[in-house]
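Here, each number is a calculation from the coordinates, and none is a lab measurement. The model shown is predicted, which means the values in this text are computed figures rather than measured ones. Cβ coordinates were reconstructed from backbone atoms using ideal geometry, including for glycine residues, and neighbour counts include every protein chain displayed.
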Amino acid sequence: MHLDSLYQEIILDHYRHPHNKGLREPYDAEVHHVNPTCGDEVTLRVRLDGDKVVDVSYDSLGCSISQASASVMTDLVVGKDVEEANEVHQAFLELMQSRGAGEPDEEVLEDAVAFAGVSRYPARIKCALLGWMAWKDAVARTMDNVSEATS
Ligand code: ZN
């Protein structure tokens, strides 16, 4: 119970004071993702330098879970290599698929552990994953652009 309310606080804090929010330039790719079941939307930009994630900026609207998750996600991926960031993404996906039974690694997921309880509510999992899916898509498009430019 105590842990759940602590997690709730983390989510509300990111919702009220989102990190890295607002669209910035320069960027390599921009995507727009929608979660129609809840009405959440995110426009997200990624800037890479080689394999390093230099910036992730976004604009979003929707429920507190989708907003807070996007904020937490940017904290976790900016400054990492794409491969490291993908590992965090994978850990978060596994947590969301754990139906409440996951034991998140706080070393890897940091504030994202707060979403552990969301995995018990299938309708909300898409909210928590929206920003992450947008990030993954934007990185894939950036990689495509790079390989087209060099081929
Ligand atoms: Zn939502």
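Of the trypsin sites (Lys or Arg not before Pro) in region 82-129, the ones in a loop by DSSP (not H, G, I, E or B) with at most 16 other beta carbons within 10 Å are 99.
Counting alpha carbon pairs within less than 8 Å and at least 6 residues apart, what relative contact order, in whole percent, applies to the chain? Intermediate results must be reported in sequence, preceding the final value.
Values: 254 pairs, mean separation 41.0, N = 151.
It rounds to 27 percent for the chain.
The calculated 222 nm mean residue ellipticity attributable to helices in the chain amounts to -17000 deg cm²/dmol, summing -39500 (n - 2.57) over DSSP H runs of n ≥ 4 and dividing by all residues.
Relative to the globular-protein estimate of 2.2 N^0.38 Å, the Cα radius of gyration of region 3-145 stands at 0.97.
Sequence-distant contacts, meaning Cα pairs under 8 Å at least 6 residues apart, place the relative contact order of region 78-119 at 39 percent.
3J(HN,Hα) couplings calculated from phi for region 48-54 with the Karplus curve 6.51 cos²θ - 1.76 cosθ + 1.60 (θ = phi - 60°) are, in sequence order, 10, 10, x, 9, 8, 7, 8 Hz; Gly and Pro show x. Between amide H atoms placed 1.01 Å from N, distances below 5 Å from residue 80 occur with 53, all of them 5 or more places distant or on a separate chain.
Quick one: 133, 96, fewest Cβ neighbours within 10 Å first, how do they rank? Before the final figure, lay out each step's value.
Numbers: 133 18, 96 22.
Fewest-to-most ranking of 133, 96: 133, 96.
Remark: the residue 30-residue 105 segment gains 24.0 nm on full extension, using 0.36 nm per residue and subtracting the alpha carbon distance.
Residues of region 91-134 with amide nitrogen under 20 Å from the 7 Å Cα-to-Cβ point of residue 17? Answer for this model: 110-115.
If Lys and Arg each add +1 and Asp and Glu each add -1, what is the summed charge of the other residues whose beta carbon sits under 10 Å from the beta carbon of residue 80?
Details: positive: 52; negative: 51, 81, 83, 84, 87.
Neighbour charge sum, excluding residue 80 itself: -4.
Extension gain for the segment residue 98 to residue 4, taken as residue separation times 0.36 nm less the Cα-Cα distance, is 32.2 nm to one decimal.
Over region 1-74, what is the relative contact order in whole percent, taking alpha-carbon pairs under 8 Å and six or more residues apart? The normalised contact order for region 1-74 reaches 35 percent.
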